[in-house]
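Worksheet: the structure to be examined is printed underneath.
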Amino acid sequence: KCLAEQRECHVVLSNYRKNGSHFWNDLYVSPVFNEYDELTNYVGIQTDITERVRAEFDLRESEARLSTIFATVKEGIVFSDEWGHFEVFNPEMENLTGYTMQEANASGDFTNLLYPNPADRQMALDRLKLLDRLGATCETETTIHTKNGESKIVLVVTSLVSYKGRKMFLSAYHD
């Protein structure tokens, strides 16, 4: 279509070499006009992007596997920053607490919902403060409160990790 319309074109193509091996290429084609505005030829630049396409595919596959794991594991899994913003709040965590990730993030401080008793909340926050170095892990049994007011005793394992240059908490909740 671009050639018929005599305009530039940029596409990614699945292609084959002369020897039959498959590769991906990024192709840019631009028309060249003479001084009379007549099309004289095209200039094309193609770049082999096979490795990039493979890396993108591998990343999508990895993300799909991780998503499947988070969705099917029978533990509540959360991944949050120092300010309590959740980037991961798996379905089992929603089942365990009754809250969605959107509700947890909108709460301002999810620990207020899980630990309505100020003393229990402070103990939970103090446990997080013990994680003073990357890779440190804390395991504790505690009582949380669900959205419907039910109390549940859970085992919580939390690790302090680095993600994109930020300190993050990765926690697993087991009822």
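The values are calculated or read from the model by the stated rules, or taken from the named source; none is laboratory data. As the structure is a prediction and not an experimental result, all values here were calculated from the model. All Cβ positions, even for glycine, are placed from backbone atoms using ideal geometry, and neighbour counts span all protein chains on display. Remember, those area values only see protein heavy atoms, side chains included, never the ligands or the DNA or RNA. Shrake-Rupley method; radii C 1.70, N 1.55, O 1.52, S 1.80 Å.
A compact table of results
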{"item": "Checklist (1) of a type in the set (Ser, Thr, Tyr); (2) more than 30 Å from Glu8 (Cα to Cα); (3) surrounded by fewer than 13 Cβ atoms within 10 Å (Cβ to Cβ) applied to Thr40, failing item", "result": "(2)"}
{"item": "Selection from the range 66-93 of residues that are in contact with an Asp or Glu (Cβ under 9 Å, 6 or more places away or on another chain) and assigned to a helix (DSSP H, G or I)", "result": "Phe70, Ala71, Thr72, Glu92, Met93"}
{"item": "Subset of the range 137-149 [without any contact (Cβ under 8 Å) to a residue 24 or more places away in the chain and not β-branched (Val, Ile, Thr)]", "result": "Cys138, Glu139, Glu141, Gly149"}
{"item": "Residue within the range 111-121 that is exposed (fewer than 12 other Cβ atoms within 10 Å of the Cβ), at pLDDT below 90 and among the polar types (S, T, N, Q) present", "result": "yes"}
{"item": "Residue within the range 119-128 that is out of contact with any Ser or Thr (no Cβ under 8 Å at 6 or more places or on another chain), in contact (Cβ under 8 Å) with a residue 60 or more places away in the chain and of a type in the set (A, V, I, L, M) present", "result": "no"}
{"item": "The range 59-104 - residue that is aliphatic (A, V, I, L, M) and more than 17 Å from Leu155 (Cα to Cα) and, of those, surrounded by the most Cβ atoms within 10 Å (Cβ to Cβ)", "result": "Ala104"}
{"item": "Qualifying residues in the range 122-145 (those that are outside any loop (DSSP other than H, G, I, E, B) and of a type in the set (A, V, I, L, M, F, W, C)) - the one surrounded by the most Cβ atoms within 10 Å (Cβ to Cβ)", "result": "Ile144"}
{"item": "Checking Val73 against (1) modelled with pLDDT of 95 or more; (2) closer than 21 Å to Thr142 by Cβ, the condition it does not meet", "result": "(1)"}
{"item": "Residue check, Ser30 exposed (fewer than 11 other Cβ atoms within 10 Å of the Cβ) and out of contact with any Lys or Arg (no Cβ under 8 Å at 6 or more places or on another chain)", "result": "no"}
{"item": "Selected residue (criterion: farthest from Asn95 (Cα to Cα)) from residues of the range 146-175 that are open to solvent by less than 80 Å² (accessible area, probe 1.4 Å) and touching a Lys or Arg at 6+ places or on another chain (Cβ under 7 Å)", "result": "Leu160"}
